[in-house]
Amino acid sequence: MTLILSVLLIILGLAFFSYWRFTTRKQSGSKYPTSLPSLPFIGSLLFMRNHKLPHVFFNSLQEKYGSLYSLKMGPHYMVIVNNHQHAKEVLLKKGKIFAGRPRTITTDILTRNGKDIAFGNYSPSWKFHRKLVHSALSMFGKGSLAIQNIICREAASMVETLINFQDNPIDMAPELTRAVTNVVCSLCFNSSYKRGDPEFESMLLYSQGIVDTVAKDSLVDIFPWLKIFPNKELDMLKKCVNLRDQLLLKNFSEHKEACSSDEVNDLMAALLNAKLKNQQFQEVGLTDDYLLMTVGDIFGAGVETTTTVLKWAIAYLLHYPEVQKKIQEELDTKIGFERQPVLSDRKSLPYLEATISEVLRIRPVSPLLIPHVALEDSSIAEYTIPKGTRVIINLWSLHHDEKEWKSPDTFDPGRFIDEHGNHVYSPSPSYLPFGAGIRVCLGEALAKMELFLFLSWILQRFTLETTDGTLPDLEGKWGVVLQVKKYTVKVKLRKVWQSAGIRA
Ligand code: PLO
């Protein structure tokens, strides 16, 4: 009994101490962002109960608190950034100061306590690690014929499969995912999956399990001590991470055996080679665990993000058939039916490129990015930001800012086309679909190549229609990536393609 009482007293004491620190901070003369109301121990949680998705809710709070405001997620002080000026100050101007990452229970499980790049905290070894991965990726990336061949091979296999599903309502997700997964598999491990491969099916399941449970501000991430209680979500995450580790380890040991040769055909071999040959690798303490977690990042990000964007793109094309028609007209006049699209066609297909840009604007893959942490006392505009503050960049607010975008909720690829009919990177500076600065997405170039080739191959051949007029839901499902809810499509071989008499 006395033990329980003293534990309670300690908890109460700690709660009041944190409340006191929080309130005295406001009186110290510096200017702090306006704060949501906050209570001891639970912080602002009580004032955040609502039905909206977090990015939409944080966007709507601007009306009351302005574009930069703070709140307490349990014990954690957080600042929410909702405009591009502040976002660029955090990501670019003060990128190094805000390059930290919070440690949470779920990301620690996924990444063996932050040994990866996306969720790992900033440090000299992190910097070295990221540089290595960056150069390994560019070895296989930009302008490389090899990568184009890989993507086109998968696009060809996908359209061939889709022909068999013609006119029946289908969920395109598994085929899109297999195509994207095989590109990443070829890059990372120099391997690929056939339809129905049990390892692929298991990967689909574990990856969804991870997306559903990791880094979504669940209670156990806010109050880590909750992990001592039974928790179904955490159990599921651990099971999924175990399955992922088995897959990674299998590839890892196969590569290690083959590593004696100097032949570097994939990313894993490139990283293993770097580890063997680069003295600095050992000096900064990068063990096999780091390597494994990074390949896990590239694989996971490569699959989940690109597949999600493709699903959003198709969902929007179903909602806006006139956009689909315009892309097809562009494809027909610029490419025709004698050959398939290649990367060098990107310049001559501005409307398709603009459509991809617009999809990334209206439904950013990661609407709140991954939280940043201030590594030292700093500021955003005139506001003081103490060391340790978690800074959330609300990309959703940037991409839906009415001061920057005309009718931001309307899907309009035309906004990314200039008066000469060229695709522009962005008509507004309030556009950062891949983030920016030190932690900018490593896969941007690869993602853009895949989105362009997969969509052009599909639309050259097929018209996508709704199933009995049922349109996909456009709200999305909250998680570490903003996923689309499941929907079905009718895939119709285009008349012009039929009469051209070409099949694949
Ligand atoms: C996706 C599920 C995989 O099984 C594991 C994984 C690894 C890296 C994560 C990715 C998931 C989701 C998207 C993330 C990516 C790292 C960078 C990327 C968070 C969880 C984004 C959008 O920032």
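The values are calculated or read from the model by the stated rules, or taken from the named source; none is laboratory data. Keep in mind that what you see is a predicted model, and the values were worked out from it rather than measured. Quick reminder, even Gly has a Cβ in these numbers, built from the backbone with ideal geometry, and neighbours come from all protein chains shown.
For the range 423-470, the set of residues classified as over 30 Å from Arg153 (Cα atoms), out of contact with any His (no Cβ under 6 Å at 6 or more places or on another chain) and assigned to a loop (DSSP other than H, G, I, E, B) consists of Ser426, Pro427, Ser428, Tyr431, Leu432, Ala436, Asp468, Gly469, listed by residue number. Looking across the range 282-333, the residues that are touching a residue at least 40 places away in the same chain (Cβ under 8 Å), farther than 30 Å from Met172 by Cα and surrounded by 15 or more Cβ atoms within 10 Å (Cβ to Cβ) come down to Val284, Leu286, Tyr290, Leu292. Contact map, the range 152-175: residues that are touching a residue at least 24 places away in the same chain (Cβ under 8 Å) and aliphatic (A, V, I, L, M) paired with residues that are buried (at least 18 other Cβ atoms within 10 Å of the Cβ) and assigned to a helix (DSSP H, G or I), Cβ distance under 6 Å, separation 6+ or inter-chain. Pairs shown: Ala155/Leu453; Ala155/Phe454; Ala155/Trp457; Met158/Glu175; Met158/Ala179; Val159/Trp457; Val159/Arg461. Considering (1) under 28 Å from Leu286 (Cβ atoms); (2) hydroxyl-bearing (Ser, Thr, Tyr); (3) at pLDDT below 95, the lone condition that Thr181 does not fulfil carries the number (3). Across the range 215-258, which residue is modelled with the highest pLDDT among those that are closer than 23 Å to Met48 by Cα and acidic (Asp, Glu)? Across the range 215-258, the extreme among qualifying residues is Glu233.
Taking the listed residues Ala258, Ala274, the one that is free of Cβ contacts under 8 Å to residues at least 24 places away in the same chain, away from the ligand (no atom under 16 Å from the Cβ) and among the small types (Gly, Ala, Ser) is Ala258, with no other qualifying.
Give the residues of the range 225-239 that are out of contact with any Leu (no Cβ under 8 Å at 6 or more places or on another chain) and either charged (D, E, K, R) or surrounded by 15 or more Cβ atoms within 10 Å (Cβ to Cβ) (or both), sorted by residue number. Residues satisfying the conditions are Asn231, Lys232, Glu233, Leu234, Asp235, Met236, Lys238, Lys239.
Being touching a Pro at 6+ places or on another chain (Cβ under 6 Å), at pLDDT 95 or above and more than 22 Å from Ile438 (Cα to Cα) holds for only one residue in Thr333, Thr355, and it is Thr355. Against the criterion of being more than 20 Å from Gln483 (Cβ to Cβ), within 25 Å of the chain's Cα centre (by Cα) and surrounded by fewer than 24 Cβ atoms within 10 Å (Cβ to Cβ), Asp409 does not qualify. Evaluated against (1) farther than 21 Å from Lys490 by Cβ; (2) modelled with pLDDT under 95, Asp167 falls short on exactly one condition, (1). For the range 207-232, filtering for residues that are free of Cβ contacts under 8 Å to residues at least 40 places away in the same chain and within 14 Å of the ligand (Cβ to nearest atom) leaves 2.
Number of residues in the range 80-133 that are assigned to a helix (DSSP H, G or I) and either at pLDDT 95 or above or within 15 Å of the ligand (Cβ to nearest atom) (or both) equals 21. Scan the range 294-343 for residues that are more than 16 Å from the ligand (Cβ to nearest atom), of a type outside the set (Ser, Thr, Tyr) and at negative phi and report the count. Matching residues across the range 294-343 total 27. Listed by first and then second residue, the pairs with beta-carbon distance under 8 Å, at least 6 apart or on different chains, first residue in the range 351-371 and under 15 Å from Ser428 (Cα atoms), second at pLDDT 95 or above and basic (Lys, Arg), are Ala354/Arg415; Glu358/Arg415.
Pull up the range 180-206, narrow it to residues that are surrounded by fewer than 16 Cβ atoms within 10 Å (Cβ to Cβ) and small (Gly, Ala, Ser), then point me to the one that is farthest from the ligand (Cβ to nearest atom). Here the residue is Gly196.
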